[in-house]
1. Of the peptides 97-105, 37-45, 151-159, how do they stack up when ordered by the mean number of other Cβ atoms within 10 Å, highest first?
2. Just one of (i) 123; (ii) 138; (iii) 113 is volume of the Cα convex hull per residue in Å³ as worked out from the coordinates here. Which one is it?
3. Could you tell me what percent of the accessible area of the chain is made up of carbon and sulfur, with a 1.4 Å probe and every protein chain present?
4. Cβ under 13 Å from Leu149's Cβ, Leu149 left aside: what net charge do those residues give with Lys, Arg +1 and Asp, Glu -1?
5. What distance in nm separates the two pseudo spin-label positions at Lys141 and Val117, each 7 Å out from Cα along the beta-carbon direction?
6. For the chain, what does -39500 (n - 2.57) per DSSP helix run (n ≥ 4), summed and divided by total residues, give at 222 nm, in deg cm²/dmol to the nearest 500?
7. Quick one: if you stick a label point 7 Å off each Cα along the C-beta vector at Gln11 and Thr154, how many nm between them?
8. Under a point spin-label approximation (7 Å from Cα along Cα-to-Cβ), what is the Thr2-Ser77 distance to one decimal in nm?
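The values are calculated or read from the model by the stated rules, or taken from the named source; none is laboratory data. Keep in mind that what you see is a predicted model, and the values were worked out from it rather than measured. Because the Cβ atoms are built from the backbone with ideal geometry, glycine has one as well, and the counts that use them run over all protein chains shown. Accessible surface areas use protein heavy atoms only, side chains included; no ligands, DNA or RNA. Shrake-Rupley method; radii C 1.70, N 1.55, O 1.52, S 1.80 Å.
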Amino acid sequence: MTPTRSFEVIQLLHRHDVRFIVVGMTAGVLQGAPAVTFDLDVLYDREEGNVLRLASALVELDAVFRIDPRKLRPDLSHLRSAGHKLLHTNLGTVDFLGSLDDRSFDEVASKTVTLDVEGLSVSVLALAELIEVKRAAGRPKDLAVIPLLEATLTRRRRS
């Protein structure tokens, strides 16, 4: 599996002025977790203007649903929904989330930190919240990274 070119996706979303929050393991990596992840997960604001900007970005990314053999492209009705859009793009695998654990973009926004990522201001799910999301998901792959994320959080709090 080829890793997603996450920074390039983030740059493209910024160019299109999309409001988003990096969630998932990339959020942990950006905050110092010594891990590797092969995809990018982003929660996006479902406000109409943002959905239109995201749709434009997805055209540039040549995005298609990755589990659909018909190479179906996400449309506005998909993007307006709260569900997960599991996409393959020309920059790798990106999961676009309309909600996170049934919480909207605005509800999650207060649980973020803003990081400088190579000159870009990027909203990222805070480590403590990421740990809770992983714990709530309860999947073996999520539970396995909790000790790593907790150690990273402890190290960050000390420094």
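1. Descending mean neighbour count gives 37-45, 97-105, 151-159.
2. Among (i) 123; (ii) 138; (iii) 113, the one calculated here is (iii).
3. It is 53 percent, rounded to a whole number.
4. +2
5. The modelled label-to-label distance comes out at 1.9 nm.
6. -12500 deg cm²/dmol
7. 3.7
8. Distance between label points: 3.3 nm.
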